[in-house]
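Below is one structure, written out as structure tokens; the observations come after it.
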Amino acid sequence: MTQAITSAGTSRNNLLMIAAGGVISGILTPLLPALIDQIGGPGQLRISLIAVPFAVLVFILARRFSANPLWAAMLAAIVTMIAFVCAVNAAIFIEGQTAGAATVMRYLLAGLTGGLVGTAVMALGIGLLPAGPRIAAAWWPMLITGTLAGTLLALDNALGLDQISFLYPVWQAAVAVRLVMALRS
């Protein structure tokens, strides 16, 4: 009984540390565009470099909480950067397609779409790794969490946030926790 309590406490502490890592990477994410804009290069590459803090966290999580080899954890980080580019492009596309709607509605829809696309690309890419869960049900909590957290894009827009964000820390913390839960299943 004591061992079960200890392991549950350790698990809870691990999840809190993972969430803290997501918050830290989420705080760093909106600070990078100013630095990356000074670096030349194609727009999609620059967008993917903004995802480096979260990609590093995903690398650590894929390495620590799954039986994936080093190359697979690196591939998980690259998939995360690709997912970020896909999410940003999807959100921009939806925001542009809803030009006649109220601003809040446009950003809510864009956030939902970006959150879903980002987590779906991550789930698909990481699920195909050697130790990735192949059962779709293992990924549903991450997909739902990422999609719903994407709505914070509307809050960021309403508050006029640029160098700081509510979206990135919350989204990255929540998705990181759900990723570990999926990897453990």
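The rows are residues; the columns are (1) aliphatic (A, V, I, L, M); (2) under 19 Å from Gln172 (Cβ atoms).
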| residue | (1), (2) |
| --- | --- |
| Thr113 | no, yes |
| Ala123 | yes, yes |
| Leu129 | yes, no |
| Pro133 | no, no |
| Met142 | yes, yes |
| Thr145 | no, yes |
| Thr151 | no, yes |
Only one of (1) in contact (Cβ under 8 Å) with a residue 12 or more places away in the chain; (2) closer than 16 Å to Leu167 by Cα; (3) of a type outside the set (Phe, Trp, Tyr) does not apply to Ile144, and that is (1)
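To keep it simple, each residue is scored yes or no on (1) in a helix (DSSP H, G or I); (2) within 16 Å of the chain's Cα centre (by Cα); (3) aliphatic (A, V, I, L, M).
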{"site": "Ile144", "(1), (2), (3)": "yes, yes, yes"}
{"site": "Leu148", "(1), (2), (3)": "yes, yes, yes"}
{"site": "Leu161", "(1), (2), (3)": "no, no, yes"}
{"site": "Ser165", "(1), (2), (3)": "no, yes, no"}
{"site": "Ala182", "(1), (2), (3)": "yes, yes, yes"}
Here the residues within the stretch 20-53 that are out of contact with any helix residue (DSSP H, G or I) (no Cβ under 8 Å at 6 or more places or on another chain) and free of Cβ contacts under 8 Å to residues at least 24 places away in the same chain are Leu35, Gln38, Gly40, Gly41, Pro42, Gly43, Leu45
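Within the group Gly125, Gly150, Gly96, Gly111, which residue is within 15 Å of Thr80 (Cα to Cα) and either touching a Lys or Arg at 6+ places or on another chain (Cβ under 7 Å) or not hydrophobic (A, V, I, L, M, F, W, C) (or both)? Full working, then the answer.
On the way: Gly150 fails: within 15 Å of Thr80 (Cα to Cα); Gly96 fails: within 15 Å of Thr80 (Cα to Cα); Gly111 fails: within 15 Å of Thr80 (Cα to Cα).
Only one candidate qualifies: Gly125.
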Those residues of the stretch 153-173 that are of a type in the set (A, V, I, L, M, F, W, C) and buried (at least 22 other Cβ atoms within 10 Å of the Cβ) come to a total of 4
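Could you tell me which of the residues Arg134, Arg184, Arg106, Arg178 is touching a residue at least 60 places away in the same chain (Cβ under 8 Å) and charged (D, E, K, R)? It would help to see each step written out before you state the result.
Values: Arg134 fails: touching a residue at least 60 places away in the same chain (Cβ under 8 Å); Arg106 fails: touching a residue at least 60 places away in the same chain (Cβ under 8 Å); Arg178 fails: touching a residue at least 60 places away in the same chain (Cβ under 8 Å).
Exactly one residue qualifies, and that residue is Arg184.
One line per residue, one yes/no per condition, for (1) part of a helix (DSSP H, G or I); (2) β-branched (Val, Ile, Thr); (3) at pLDDT 95 or above; (4) on the phi > 0 side of the Ramachandran plot:
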| site | (1), (2), (3), (4) |
| --- | --- |
| Pro33 | yes, no, no, no |
| Gly41 | no, no, no, yes |
| Gln44 | yes, no, no, no |
| Ser66 | no, no, no, no |
| Ala76 | yes, no, yes, no |
| Phe93 | yes, no, yes, no |
| Val104 | yes, yes, no, no |
| Gly114 | yes, no, yes, no |
field: Val175 modelled with pLDDT of 95 or more and more than 26 Å from Leu15 (Cα to Cα)
entry: no
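Could you list, in sequence order, the residues of the stretch 46-64 that are among the small types (Gly, Ala, Ser) and assigned to a helix (DSSP H, G or I)?
Of the residues in the stretch 46-64, the ones among the small types (Gly, Ala, Ser) are 48, 51, 55, 62.
Across the stretch 46-64, the qualifying residues are Ser48, Ala55, Ala62.
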Conditions (1) among the charged types (D, E, K, R); (2) under 19 Å from Met181 (Cα atoms); (3) at pLDDT 85 or above -> Arg12 fails only (3)
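Can you confirm whether Val170 is in contact with a Phe, Trp or Tyr (Cβ under 7 Å, 6 or more places away or on another chain) and either of a type in the set (D, E, K, R) or in contact (Cβ under 8 Å) with a residue 60 or more places away in the chain (or both)?
Working: in contact with a Phe, Trp or Tyr (Cβ under 7 Å, 6 or more places away or on another chain): no; either of a type in the set (D, E, K, R) or in contact (Cβ under 8 Å) with a residue 60 or more places away in the chain (or both): yes.
For Val170, the condition - in contact with a Phe, Trp or Tyr (Cβ under 7 Å, 6 or more places away or on another chain) and either of a type in the set (D, E, K, R) or in contact (Cβ under 8 Å) with a residue 60 or more places away in the chain (or both) - is not met.
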Scanning the stretch 131-147 for residues that are loosely packed, with under 14 Cβ neighbours inside 10 Å and of a type outside the set (D, E, K, R), the one farthest from Ala91 (Cα to Cα) turns out to be Ile135
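The values are calculated or read from the model by the stated rules, or taken from the named source; none is laboratory data. Quantities reported herein were computed from a predicted structural model and do not represent experimental measurements. Note: ideal-geometry Cβ built from the backbone for every residue, glycine included; neighbour counts use all protein chains shown.
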